[in-house]
Structure formats: C-alpha cells, structure tokens
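Below is one structure, written out as structure tokens; the observations come after it.
We did not get these values from a lab; they are worked out from the coordinates using the rules stated. The model shown is predicted, which means the values in this text are computed figures rather than measured ones. Glycine also receives a Cβ, built like all others from the backbone with ideal geometry; neighbour counts cover every protein chain displayed.
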Amino acid sequence: MGYHLAYNPRNPGVPHIVCNHVLALSMIELARVLAGDTELIGEIRQSIRRDDDGSAQQLAEAAFLPLTNVDTAAELESGALRRNAVLAHGRVHGSPSFSRTTAASHSFVRYSMYRNDRRLSPFGFIAGTYATTIADAQMVTCAFAAVGRYALPSIAPPVHVFVDTAPANLALQVGTVAPANGQAGGGTEVLFPTGTGSGRLPSHHMVDEF
Amino acid sequence: MAVQLPDPLVRKLIALPETGMGYQLVDLSLADGRVVRRVQVLNSELALIPDDFGTVDPASVRDVSLSPRQ
C-alpha cells in the first residue's frame, strides 16, 4: 500500500520502490535501509518532510524521472517482477525501526508459548524484549493469528498473553513485523531496549488456540 | 532436534535481546569446535537445531552468541 515497483531507464537493471509516486529507492538502497543505514534513513525522512511543500517531488523528478511504470496489466497479471524482486532480495516488506517514546499509560502485549516466559520480571518486561501495542493486539483473535501476524516460530501456539503498562517517556523502537519463519508478519512490533520499567509483574491471561 | 540449553547459557541469553517476540537466533559453539549458525532458541532455553546438522548432545553445547542480522 502506498508504493509500486518501477524501473529507472537510466539504470534499467535495478528495480526501484517508489513511495507515494515521488520518492524512489533502488533495491540496493532499500537493502541499506533494512540493514539500518541511519544516514540514508535520515535522508529519506528529510525528503518526506520536504514533500509537504512539494520539493521532494522535484527532487525525485530530478533524480529519477522519467520512470517507466511497470504496473502494466501484463506485469500485474504475471506478477513476475514482484516475484523475482522478492526472490532476488529476500524481502520487499520489512520496516526499519523508528525511535519513539511512550505516552502516559501506554500498554503493551506479549504473546508467548510459555507460562514461565523468561522476558518477564517483577519490574516489567526486561531489556531487549519484543511486544506489540494494545491497538495492534485488537487484531489478534487467537493464538494462531498471533503466529502469523508477528511471524513467530510455530511449533506451539502462543496462548499465554502478558500485558504491561510502561511509564511515560520510555524510549522504544517500533516497526512492522517482516516475514519470517514461513509467516507473513505485518503486525506492529515494539522493542524495549531498556525494558518497560513498570515496576510490576506483567498481567497474564490466555487466549484460545484457534 | 530440540536441545534444552544448560542454565549458564540460558542466563546468558536472557541478558541478550530477542530477535523476535519469544525467540533469539544464535550461533551455538560445540565442544568439538563446530559452530551451528542461526539456531532458533525459544524462551532463551530451547534450541531448535536443524535435523540436517545431525545429533547434538546437549552437554556438548559450550557457548552461545547472537547471530548477526542478515
């Protein structure tokens, strides 16, 4: 949603992801983004901000246009370009993480196969723990839905649910779950580099397997 | 095969960040010098070693480290 694949005639061997019809990234640049190239990510965010006054479009036009749009009926029908791009580069989706801070009373949810989940402590989720947001968890109606949405290893359904409320202004990383473990991903994932520091053991309840 | 890691290695993994919700990708160092790369470990304790690597004695696992991101 919000992008398409296209070729730059000046560099026809390399497909580009074009966001919002104005910001073009080659697959090589996309790989740098996915690898966490902070300089390039910063440039892209600057470009997106500049788009408020239309200058990003001018930037894109100067650098990349004219683009040959490959979303023709034939290409869409065959799906070959997308399939080949995915095969060649591993993944098209996958979000670089964004640094954010919590607002007051932000709650987070963690799905686990284990009742004795080792990322829990009497002070909340420990450092380096992944969870999701309350808003995203509304989409998860059962444990197997969590497996798909958060691209979890699927040897057992994560029926144990832990909820913790983080204090305000807590630093976290947030992004979109990339495909992994044979699952689609697509949910929102949050990483707490320093833990939640809530000062309490996360609450526990269970969901149905299916 | 699934291998339960010894307690010292479990404690080491608990101190390291996850790769995704509920699991870590690690390189396992074995006593015979072999390294099993990108092994999925659930809950910092259960290592899922690919079958094509053969049998691994749990007592032969000497160390773990997080696998580099690909």
query = At what distance in angstrom do the alpha carbon centres of region A:165-181 and region B:33-61 lie from each other?
reply = 28
request  = Calculate, axis by axis, the spread of Cα positions in region B:2-66 along the three principal axes, and write the results as whole Å, longest axis first.
outcome  = 28, 22, 16
key: Local electrostatic count, A:Gly195, Cβ distance below 11 Å [Lys/Arg +1, Asp/Glu -1]   = 0
key: Test item: B:19-28 mean partner chain Cβ contacts at 10 Å   = 6
query = So for chain B, taking the charge dipole from beta-carbon charges (+1 Lys/Arg, -1 Asp/Glu), which of B:Thr19, B:Pro50, B:Met1 sits furthest toward the positive end?
reply = B:Thr19
note = If every Lys and Arg gets +1 and every Asp and Glu gets -1 at its Cβ, then about the Cα centre region B:2-66 yields a dipole, in debye to the nearest 20, of 180
task = Find the centroid of the Cα atoms in region A:105-121 and in region B:1-32, then give the distance between the two in whole Å.
result = 18
key: For region A:124-210, radius of gyration divided by Kirkwood radius, i.e. Rg to Rh on alpha-carbons   = 0.96
